[in-house]
Structures are given as C-alpha cells and as structure tokens.
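> My structure is below; once you've seen it, I'll send some questions.
Each reported figure results from applying straightforward, stated rules to the coordinates on display, with no laboratory input. Note that this is a predicted model, so its numbers are computed, not measured. Cβ sites come from the backbone with ideal geometry, for glycine too, and all protein chains shown count toward neighbours.
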Amino acid sequence: MKDQRMNRRDFLRSSAVAAVVMGGLAACTPAAPGAGQQQTGQGAEGSGAAPAAAPVTLAFICDTINDGHVKVRDKWAADFSAANPGITVQHQPTPNTDYNTKVQTLFAAGTPPDIYRYLTEITPIVTVAQKNMHVQLDDYIAADNVDLSDFRPDAIALYQWDGKTYALPRDYGNQNLFYNVNLFKEAGVELPPVDWEDKSFTFEVFLDMLQRLVKRDGDRVTQWGFLVNRAQRPWASWVYNNGGALVHKNDQGLATDSAMTDPATVEALQFLQDLMYKYEVSPRPDLESELGGVELFATGKVAVMLNNPSAVNQFRAIEAFEWDVATLPIGKAERRGTGGGGTGWASGAGTKHPDQAWQFLKYITTAQAQLDEVAVGATTPSRVSVVTSEAFLDPNKPPKNAKGFAQAQEYVVRDPVHVNWPEITQRIYTPNMDQLWGGTEDAATVGARIKQDADPLFAQS
C-alpha cells in the first residue's frame, strides 16, 4: 500500500498561481474568533448551538479513504447541520486519485475548501504559513478553551510553524511489520518482537529470518520472505533504523540539503536492494507486479511486509491464516525510527465563514469523532485516549499486538520540511530510487545523483 504522493509534476507551480490570490486571503483570516461573524455557540462535542445570523453552507472536502469513512463523514455533516440550524455542511467525498488535484485547483482559484483533509507531504506546513493558506486556529483554541493535551504533542507540532497553528491532527500513522503467523510457525522461526525497545531484532536477525521463510521449487521461489514497500515513508524507515536520514536540517527544522550520500543512508538502501537481488528473499518489482503486489501477503505467498496501520481494515478480511504486527528491525541506529505523521483537518483561509468552519473542525477532531473513524478501520488515532482505548486495541479482532501501533507513534520521524519538498520528491528522489529498485544502479550511485540534483533546490527558500 503506497503512501499518498503528489499527482502533479510540480505543486509549487500551482502554489505560484495561488500566491496571487493568497495575498488577498490574508485579510480573510480572522484576527480573533467572531471577528465579522456570529459564532454558533456550539460546545466541544457539537451540541447546544445557537443559529447563525444568516444561512451558511460549508464545503467539507475529503478523499474517499474507504467506504465506511465516507459514511462516517456523511453522518458528521448531517448531525452537525441538525444541531446547528442555519448551518449546512455539504460533504464532498472525492476519489482518492483526484483528491490532491482538486484541492490544489480550489486553492489556485481562490475558492479553497471551508474544511478539508490536509496532507503535509503534498503541501508543506512552511508553504501553508508563507502563503497564508489556512485559517490560523490559535485564537479560536484559546477563546473556546480547547484542551489539546489529549493529542500527541508531536502530532500537533506537524501543523504548527513559527508559533502558529494551521490545522488539528486527524491521525498519526507509522510503519510496522505485518507478518503471517502460520508461515513462521510452519518454518519453526521465532516470531518477531512487538516491543520497539527490543534491541535484539537486528537487520542480520531479520535477514536470517527471511532466508528461513523462503520456499523454492528448483530455481522458482514459491514463497517469499519479505515484500519491499517502495513508497517513501516505508523505505525511509529502514534508513532511520540504520541511523541515516533523507535530509540534513537546520535548527528550525528546515531541510538544508540531501543526506542520501551519508554512509548510514547508503548502507540501509543497499540492504533493501540486496534483499531482492543478492539474497533473493524479496520479489523484484517486475516479479511483484506479475504476482499481484500487496496481494502476495493476503494470499500467503509472502511472509512479511511493511505497511501502515490503515492496512488493518483490508487484512481483517483474511481468513486463511493468522497475522500480526511487530516492530521494525534495527541497524546501526541508537533508536528506532519509522516514517509517518498522518494528516490533519484544516480550514482554507479564503473561507467566508471562518467561525462556523472552526466549529465544525472542532467537532470532527473530538475523541468521539476519532472513535467513529476507529469503528470503520480508517485511522491510527492522534488522541492518546483513543489510540490506547479498547475500541482501537480490540482484543477480539486482529492484530493481537495492536498496541504496537500506539508504541510506534513514539518513534515517528516526520517528513522533511521545505517549500520545494514535493517537487524534490517527485522529480528527483522517486525516479532515482526507481533505479535502485530496478537493480540498474547501486545505492551509492543513486544517493550521489539524488544529492547532486536536489541540493540546488534545497538552497532555494
């Protein structure tokens, strides 16, 4: 399952168009709650609201995620509208493949969503701040005395820049190992640990494990050890666990240059390539495509894969075998790391109804709203009370060790922060990494080319 990526060549080109509009949007950002608008008076859970002075319609835009999540959002919109006479939330579910383009187009046209699901990997938080793209929420949070302590602080930090808050967390995802318990037991291989503090589960132990899980019929592999997830957050997790990085950063957290030639980074990426071409415990991209991709795990043809917790909803349909989750192997790093960060709920600064948009945003970030998402298997909650709840850790549903998802949140390494990061990812990192996956270049060569091409763009601000 791939992380979401830009589906335009250059988002910054769209931002450049939008920037002409955004200069005028600054005035639309309220200096304080209620400035020029009558508040609904809704409480934190969305009840007891007073009607707005005039009928208001809010556009609530989100990608599909899954069918259950669409129904959850339909209910949010209907319930909030019913509790707030005069306010109608117009839910606009958008196909996943079209979502990023639609959001970018709306911002460029100067008609951004009143509320939408914000992805930092598509629009970096520093871009949001510089272009004044979102309603700043700090005055609203203070005026309504909203308690943010239940959110993970690092999840809140994803949506803050220069001391200002531009969104609230929806989820806080990460990468974990998913493995076929039956295949491990059949091969007599010890199950991988779930504890992220376990230092015995190393790259070397992992390789030995995979070699024992592979089955061959002559020269043909009939059962693979590991499916390499080639999306950026998954492969970056191996880099973090070896003490490497994707970029170097300054004290503010801004990326300054590529770290793809750092020895620890190169070593981790070479290990991944070797799993496919040297040790032959993982299918190469051409074989993976031929054999069915992620379905290799669901059909029992691969024992282990790396994925984020959103895969749970898909894998719970598996009846042929038992599966569970575990921590990632550790290389030369002192502490594990896993790619992730999640997404947030935000309000476009061009909204004509910032007060009402805030009330709905507040409503869909409550603990109950996150529990609604948990019920349809569509989230890794950003609220501590929800990610540790029985509803999320449900012992009657797989995985048995779902608590590992919550522990993994302590080890999330956020995506690099830079205005050019989406462009750098799409134009430089991803196509060069395809050479690594295809086996045409080794990790040192790929890393050197990425750094050479990316560093001039990092130098721009």
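> Let a ≥ b ≥ c be the square roots of the eigenvalues of the Cα gyration tensor of the range 341-442; is it rounded (a/c under 1.5), or, if not, prolate (a/b larger than b/c) or oblate?
Numbers: a/c = 3.01, a/b = 1.24, b/c = 2.42.
Verdict is oblate for the range 341-442.
> Give me P(r) over the range 395-450, computed from all C-alpha to C-alpha distances, binned every 5 Å, as integer percentages.
4, 16, 15, 12, 12, 12, 13, 10, 5, 1
> Based only on Cα atoms, what Rg/Rh ratio does the range 112-269 have, Rh being taken as Kirkwood's radius?
Values: Rg = 21.2 Å, Rh = 19.6 Å.
Taking Rh as the inverse mean 1/r over Cα pairs, Rg/Rh reads 1.08.
> For Asp208, put the label point 7 Å out on the Cα→Cβ axis and report which residues of the range 259-276 keep their amide N under 12 Å from it.
none
> Further question on the same structure: Do me a favour and compute the ellipsoid semi-axes for the range 269-335 from its Cα gyration tensor, root of five times each eigenvalue, largest one first, whole Å. Don't skip to the answer; put the middle values down first.
Numbers: eigenvalues 101, 69, 18 Å².
Working from the Cα gyration tensor, I get semi-axes of 22, 19, 9 Å.
> What list of whole percents do you get for P(r) of the range 154-230, with Cα-Cα distances grouped in 10 Å bins up to the one holding the largest distance?
So the P(r) values, bin by bin, are 14, 34, 21, 17, 11, 3, 0.
> Determine the principal axes of the Cα atoms in the chain, then give the extent along each, sorted from largest to smallest and rounded to whole angstroms.
The Cα atoms of the chain stretch 76, 52, 37 Å along the principal axes, largest first.
> As an exercise, find the ratio Rg/Rh for the range 176-290 from alpha-carbon atoms, using the Kirkwood inverse-distance average for Rh.
Numbers: Rg = 16.1 Å, Rh = 15.8 Å.
So for the range 176-290, dividing Rg by the Kirkwood Rh gives 1.02.
> Provide the FRET efficiency to the nearest 0.05 for the Glu410-Arg220 pair, computing r from the beta carbons and using R0 = 45 Å. Show your work: numbers first, answer last.
On the way: r = 42 Å, r/R0 = 0.93.
Approximately 0.60, to the nearest 0.05.
> At q = 0.16, 0.24 Å⁻¹, what base-10 log of I(q)/I(0) does the Debye formula yield for the range 232-300 when every alpha carbon is treated as an equal point scatterer in vacuo?
Here the Debye-derived log intensity ratios amount to -0.67, -1.04.
> Sketch the reach of a paramagnetic label on Lys102 as a point 7 Å from Cα along Cα-to-Cβ, and name the residues of the range 342-366 whose backbone nitrogen lies under 16 Å away.
346, 348
> Report, in degrees rounded to the nearest 10, the 0 to 90 angle that the Cα long axis of helix 354-363 makes with the longest principal axis of the chain.
Approximately 50 degrees, to the nearest 10.
> Would you kindly give the portion of the calculated P(r) for the range 347-393 that falls above 14 Å, as a percent of all Cα pairs?
Pairs farther apart than 14 Å: 52 percent.
> Something else now. Using only the Cα atoms of the range 87-135, build the gyration tensor, take square roots of its eigenvalues as a ≥ b ≥ c, and label the shape rounded, prolate or oblate: rounded if a/c is under 1.5, else prolate if a/b is larger than b/c, else oblate.
Details: a/c = 1.83, a/b = 1.30, b/c = 1.41.
It is oblate, given that a/c is not under 1.5 and a/b is not larger than b/c.
> Measure off 7 Å from each Cα along the Cα-to-Cβ vector at Thr57 and Thr111, then give the distance between these two points in nanometres to one decimal.
The answer from the label model is 1.1 nm.
> Could you compute how fast the range 68-165 diffuses translationally, taking Rh as the Kirkwood radius over C-alpha pairs and applying Stokes-Einstein at 10 °C with viscosity 1.306 mPa s? Give it in µm² per second. Could you put the intermediate results ahead of the total?
Working: Rh = 15.7 Å.
Estimated diffusion coefficient is 101 µm²/s.
> Note the angle between two axes, namely the Cα long axis of helix 96-108 and the longest principal axis of the Cα atoms of the chain, as a number of degrees from 0 to 90, rounded to the nearest 10.
The answer is roughly 40 degrees.
> Taking the simple approach of a point 7 Å from Cα along Cα-to-Cβ for both Asp434 and Asn250, what is their distance in nm?
3.3
> What residues of the range 227-271 lie in the reach of a label at Lys199, counting those whose backbone N is under 19 Å from a point 7 Å from the Cα along Cα→Cβ?
240-244
> How far, in degrees from 0 to 90, does helix 11-25 lean away from the longest principal axis of the Cα atoms of the chain, to the nearest 10?
The answer is roughly 20 degrees.
> Among the DSSP beta bridges whose two residues both lie in the chain, what percent are antiparallel, rounded to the nearest 5? Numbers along the way, then the final one.
Numbers: 24 of 41 bridges.
Taking every DSSP beta bridge within the chain, about 60 percent pair in antiparallel fashion.
> May I ask which of Lys164/Lys199; Lys249/Lys397; Lys332/Lys451; Lys199/Lys249 have a Cα-Cα span longer than 30 Å here?
Numbers: Lys164/Lys199 38 Å; Lys249/Lys397 41 Å; Lys332/Lys451 22 Å; Lys199/Lys249 27 Å.
Beyond 30 Å between Cα atoms: Lys164/Lys199; Lys249/Lys397.
> With label points built 7 Å along Cα→Cβ from the Cα atoms of Thr88 and Asp74, find their separation and express it in nm.
About 1.8 nm separates the two model spin labels.
> Note the full-extension length gain between Asp138 and Ser461 as 0.36 nm times their separation in residues minus their Cα-Cα distance, in nm to one decimal. Numbers along the way, then the final one.
On the way: separation 323, 0.36 × 323 = 116.28 nm, distance 2.56 nm.
Here the answer is 113.7 nm.
> Here is a further query. Would the range 136-186 count as rounded, prolate or oblate if I go by the C-alpha gyration tensor, calling it rounded below 1.5 in a/c and otherwise prolate when a/b exceeds b/c, oblate otherwise?
Values: a/c = 5.53, a/b = 3.35, b/c = 1.65.
Judged from the Cα gyration tensor, the range 136-186 comes out prolate (a/c at least 1.5, a/b above b/c).
> Hey, another quick one. How much length is gained if the chain between Lys397 and Thr299 is pulled fully straight, taking 0.36 nm per residue apart and subtracting their Cα-Cα distance, in nm to one decimal?
Values: separation 98, 0.36 × 98 = 35.28 nm, distance 1.93 nm.
Stretched fully, the Lys397-Thr299 segment lengthens by 33.4 nm.
> Report the Cα centroid-to-centroid distance between the range 257-302 and the range 147-186 in angstrom, as an integer.
24
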